[in-house]
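Some notes on the structure that comes next.
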Amino acid sequence: MPLDGDTDRSRREVLKAAVALGGASALSACLDRTADEPVPTGDPSAKPARQHAWREYIRHDDHGNSQLPSHQILLYLTLDADGPPSADDRDALGETLDALDRAYAWSHEGLLHSIAYSPAYFERFDESLPEGIDLPEPTALSPFESPTFDRQDALLHLASDRPDALLEADRALRGERDAANGVSVPPLTDALTVDSRRTGFVGAGLPAQHQDAAGIPDSKPVPEASPLFMGFKAGFRGNQATEDYVTIDDGPFAGGTTKVVANLRQRLDDRYEEQTHEERVMEMFSPGYAAEGLVEGVGDTLGSDSGIDRFVDDLESDAREYGRVGHAQKAARANRDSAGNVRLLRRHFESTDDIGSDQQVASLHFPSLQRRVSEFEAVRRAMNGTDLTEVTPAVRQRVNNGILEYIFVRRRGNFLVPPRRHRVLPTPRPE
Ligand code: HEM
């Protein structure tokens, strides 16, 4: 569909605001404006076996980097009764997800979705998860954070470039309407309760549009070209694990993956008001990037790989010479296996959610996929850079230490994303 011209621009603006609001009037605003642009419906037999298979079904930029769906919703769900789920719960959820598959094509223009289950969910059963599944309870991963843990049973993640499709699916799932995209969808609330609904967006233009939020200075500094509030691109193809790499390869959950989802609050006042572009580049990537002038604007100049591997060994000398170290530089040191493969597949998106309040704050939903949760934990700890505070007093735990001065972890949950065949309230040992 055409996306330029004033009419389309203002229509898109209404839709984007509507995902953030999610209310009935916002949704009807969406529906009025897009009735003439059909959303592709789905063929349940054409869905990939992996729920996390997104890359082939979304947009890519000119360098082959994935462009995540612009609008996303996370529904955190709890089962109403104690103990294992009942056959009725399974039938109900199975029908809901099957209906969603009929309603939407598996595509950024239709709807991508995946349901995942927490360690607390698997605790409902007498039997335990198979040996190879690494799914611990969430924990604090730095000495300076004390997040609330998301221990709900399940997490349903919805994503689309079409805000109208996303909102209609969301409302049907929550029982606020009977059908989505013309297909009758029984609400998931027949089996589960929505404990928390979180929304977000990603992609050039959207952060600039939503920058009227606590944590971002009134000067509206977020560039129109930036896909994220911090002013840079992330998720270069060469710095992301492949979907194959993060896929569990044996046992009953073969074809699945694990998912850690954090919610972070961002406070970007000082970053935008007191720092130059060079200083921001040093802290995001590494001082060497600033010295060599590698990052112009939001970082398109980096192509399909940030090139960080060349700067990882400089951490200590950068700390001494520049009194600063970079975020990507610190994270990368734990983000390779012994063969040099990248371990995490990050799929983070921005938000103005202040979970539990109506305030608009700059925040971030950070889903990361990996074969084992411990891989995420190792990378997150490497990003703390606590070791570098011993190199020079200039680098402190949260100052001159990557982006730690600006991000505050508020929530974290760990989940298992089963393969599609076991997506409906699985036992710990399906098959
Ligand atoms: C607001 C928060 C964050 C922003 C804006 C951000 C942004 C970025 C950017 C621009 C890069 C460099 C480009 C790239 O490779 O994607 C990067 C790299 C990376 N970030 Fe973040 N990040 C954030 C939080 C986090 C968190 C919480 C983690 C948790 C582990 C993390 C892990 C990584 C990893 C693993 C890399 C790749 C390093 C490599 O090449 O192996 N980031 N991030």
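The values are calculated or read from the model by the stated rules, or taken from the named source; none is laboratory data. In this text, all values refer to a predicted model and were calculated from it rather than measured experimentally. Cβ coordinates were reconstructed from backbone atoms using ideal geometry, including for glycine residues, and neighbour counts include every protein chain displayed. Areas reflect the complete protein model, heavy atoms only, side chains present, ligands, DNA and RNA absent. Shrake-Rupley method; radii C 1.70, N 1.55, O 1.52, S 1.80 Å.
Key figures
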quantity	calculated
Gyration tensor verdict on the chain (Cα atoms; rounded if a/c is under 1.5, prolate if a/b is larger than b/c, oblate otherwise)	oblate
Whole-percent carbon and sulfur share, accessible surface of region 267-347, 1.4 Å	40 percent
Most fluctuating residue given options Pro223, Pro84, Pro287, as computed from a GNM of the chain linking Cα atoms under 10 Å	Pro84
Sparse-neighbour loop sites [chymotrypsin sites (Phe, Trp or Tyr not before Pro); region 307-410; at most 16 other C-beta within 10 Å; DSSP]	none
Per-residue HN-Hα couplings for region 225-240 [Karplus 6.51, -1.76, 1.60; θ = phi - 60°; Hz; x = Gly/Pro]	6, 7, x, 10, 4, 6, x, 10, 7, 9, x, 4, 3, x, 10, 10
Kyte-Doolittle mean at least -1.0, axial Cα span of 18 Å or more - DSSP H helices of the chain	6-21, 87-103
Pairwise Lys count, the chain - Cα closer than 28 Å, eight or more residues apart or different chains	9
Centre separation in Å (Cα based) which lies between region 254-275 and region 54-105	22 Å
